[in-house]
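K.L.:
Quick one: structure below, then a few questions.
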Amino acid sequence: MSRSHRPRTARTAVLFAAALAWLAGAAGAEEPADDAAAEAAAEEDGSRISGILQIDFTNAYFFRGIMNERDGFIGQPWGELYFNLFSADEGLVRDVTIGGGVWNSWHSEKTGRDHGPGPLYETDWYPLFSVGFENDITFTLIYYFYSSPNGAFDTVEELNLKLEWDDSEVLGRFALAPWVNLAMETHLTSFGDDKGEGVQLGIEPTLFELESDEYPLSFSLPAELGLTIDDYYEDANGSENTFGYASLGLMASLPITAIPENFGSWSVSAGGKIFFLSETLQDVNRGDHVYPVVTASLGVEF
């Protein structure tokens, strides 16, 4: 079975709950969200609740290098809600947050439809637990339930352990924003016959920012590498190479300053990535070893 997902975050919980209900109702509807920005917004208005709502549009849906769909219209609305349990300005632990999210992928091609709402290929539910440490290091535990409302695949469960470092205070304009994620399948699998473990590593340095009050446009260069630890990208014969995929992209982001702050922090972004796939993943991608993916997004953080 081959299936996959994205895999990266309104001022009141009522607004989010309504939007979450819409997302879930649609269900009946990277590597995720900028947790730090959402939490900062929450601190500014004195609330322990923060979150993000976003919709992405793309020409192809790859999950850690695994091609799921590359034809037709693909829309991916999602949202996350966070509740801050603890925060401090000093000490080893600076922040403790719990939360959860829902992510969907709508396909005009009705990818793999067996029953149910044809265009709704995937809906993912996931609780999360995050701890922020001094020196801007964050550890996040996420448990994913990857499900398919249209019956394209059986629900896969996966535990993710992610470590991120906001190195902007140390490196300034040369910051890399590195991260590493360990993915461990606990029920069924996204690829191959056996449950497996894989690791993804990435950076997203900011190339430059336009210093403008009206159009503060910024450009970043996301790069990602996906590797297998055991059985994550196994082929039909059960063998696999360590390398799964690599990607390199260019993204542009622009805050929408015309919307009042009491309606949240809105932004738009657009860009593209080039995926370089292993031989096993190339076979899934219709024989193409290299494939371009473009995206456009609209989101609000509160």
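K.L.:
Which values of log₁₀ I(q)/I(0), to two decimal places, follow from the Debye formula for the range 258-302 at q = 0.17, 0.28 Å⁻¹ with a uniform point scatterer at every Cα?
P.N.:
With one equal scatterer per Cα and no solvent, log10 I(q)/I(0) is -0.60, -0.93.
K.L.:
Evaluated at 20 °C with a viscosity of 1.002 mPa s, what Stokes-Einstein diffusion coefficient in µm²/s does the range 13-301 have when Rh comes from the Kirkwood expression over alpha-carbon pairs?
P.N.:
Details: Rh = 20.0 Å.
After rounding, the answer is 107 µm²/s.
K.L.:
Once R0 is set to 25 Å, what does the formula 1/(1 + (r/R0)^6) return for the Cβ-Cβ distance between Glu261 and Phe139, expressed as a FRET efficiency to the nearest 0.05?
P.N.:
Numbers: r = 30 Å, r/R0 = 1.21.
Calculated value: 0.25.
Throughout, read-outs are computed from the coordinates displayed, never taken from laboratory work. Computed from a prediction, not measured in an experiment: that's the story for all the values here. Please note: Cβ atoms are built from the backbone with ideal geometry, for glycine as well, and neighbour counts cover all protein chains shown.
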